[in-house]
Amino acid sequence: MIDKLYESWRARRVLLVGGPDLQTLFTQFLLEELGAKAARIPAGASSETLCRALSAARIGAVVVPRAHALAESSDPVDHLSALKTLITEVREAGVPLLILCSDVSVYRARPRPWYAREEDLTGGQTREGLCQSLLQLYAEGAARGLLGDAVCTLIVRHMPCLGSSSPLSKQYTAWCRALLRGEWIPVEHPAMQGVFLHPLEAACGALMLGARFFAGDTGAGESCVFNLGAGPHNLCANRSAALRFVSRQGGTRPIQESEPPLCVTPPLLDGSRARLLCGARCLFSADEALDMLLALERAKQEDEKALLGAIREQVQQYANRLA
């Protein structure tokens, strides 16, 4: 698979839209590792900024690692305006491919846990989920040519990754910071199953789907929406994951369990369609992903240069695992 990724992305000019968050940086550095020429502009950029960035070079793809954060405000109207601007500029520049990634759950609730498939009902269980559902519907309409000339678009849904600001994963960052300070590890909802997904899993899955597009195969006549599923080795009860984490890292403080008000728990994603199409699957286990998050937090305490170095090191480690 690594050969196909190199073949598809080497020397390709890619514009990333996003801030200096972990998901965007990992996507950028992975593209560079694959030989792509990646540039980045901030989310919410004006049409003039987008136009200049797209016309400065022959852009082969535009990637938005956090499509749920295209606008700074929480107003759905602002997000729709930002997405509309992006799609319009991509269309006018003749960019072959737009990839929109998001970790916001857009699926509706069911009375019991389930693995959500791409065709399941959307609308979300939260305000953010509803907003992202509408944005993805708009993007899919643009891909189908219902809003003007069609814009080739891949909509990639994935679970929240470690290091993100999602309520479902931010406690794992708190674990790392507490461990580095020599404090108790705060474990919320210890019996609940956690999802421990490294940002590179989502980034690589999206680029694998993009590689299939460039090869001319994205499932002819099918939807442009893809789920990236977590593997069994990414799922673990919070208590068990925390205890193993402390043990591996030589921590001397016990964990501190709590049951704060529970946020809405989204379904796991059925990633079988993407896996069959391009082989997208998770490589790092829950334990490995947590240890790598700790390495990032330790580097972040030094300075930005150390953090960027740690990200590049993990990207190279991931590429070696793919080979």
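Quick notes on this structure:
- Taking 4 °C and 1.567 mPa s as conditions, segment 106-180 diffuses translationally at an estimated 88 µm²/s according to Stokes-Einstein applied to its Kirkwood radius (Cα pairs).
- Taking the protein heavy atoms of the chain in the context of the full set of protein chains, the accessible area attributed to carbon and sulfur is 51 percent at 1.4 Å.
- Folded to 0 to 90 degrees: helix 170-181 orientation relative to the chain principal axis, Cα: 50 degrees
- Long-range Cα-Cα pairs in segment 60-197 (distance over 17 Å), rounded percent: 65 percent
- In degrees, nearest ten, helix 199-214 long axis to first principal axis of the chain (Cα): 20 degrees
- In plain terms, if you count all Cα to Cα distances in segment 1-46 and split them into 10 Å steps from zero, the share in each step is 29, 49, 20, 2 percent.
- GNM top mover of ALA280, ALA299, ALA57 - the chain, alpha-carbon springs below 10 Å: ALA57
- Ranked by the mean number of other Cβ atoms within 10 Å per residue, highest first, peptides 193-204, 253-264, 9-20, 67-78 order as 193-204, 9-20, 67-78, 253-264.
- When only alpha carbons of segment 164-241 are considered, Rg and Dmax amount to 17.1, 55 Å.
- Taking only the Cα atoms of segment 30-97, the ratio Rg/Rh comes out at 0.97, with Rh defined as the Kirkwood radius.
- Straight-distance crosslink candidates among lysines, where the alpha carbon sits under 19 Å from LYS170 and sequence neighbours closer than 8 are dropped: LYS300
- When only the Cβ of Lys, Arg, Asp and Glu is charged (+1, +1, -1, -1), the dipole of segment 188-301 relative to its Cα centre reaches about 220 debye.
- With contributions of -39500 (n - 2.57) from each DSSP H run of at least four residues, the per-residue ellipticity at 222 nm computed over the chain stands at -14500 deg cm²/dmol.
- The chain: equivalent-ellipsoid semi-axes (sqrt of 5 x gyration tensor eigenvalues, Cα, Å): 32, 22, 19
- Cα-based helix-to-principal-axis angle, 76-93 vs the chain, degrees rounded to 10: 50 degrees
- Summed over the residues of segment 154-282 and divided among them, the accessible surface reaches 41 Å² per residue at a probe radius of 1.4 Å.
- Under a model in which nothing but the beta-carbon of Lys, Arg (+1) and Asp, Glu (-1) is charged, the chain shows a dipole of about 380 debye around its Cα centre.
The values are calculated or read from the model by the stated rules, or taken from the named source; none is laboratory data. All of these numbers come straight from a predicted model, not from anything done at the bench. With ideal geometry, Cβ positions are generated from the backbone for all residues, glycine too; neighbour counts draw on all protein chains shown. Note: areas computed on protein heavy atoms with side chains; ligands, DNA, RNA excluded. Shrake-Rupley method; radii C 1.70, N 1.55, O 1.52, S 1.80 Å.
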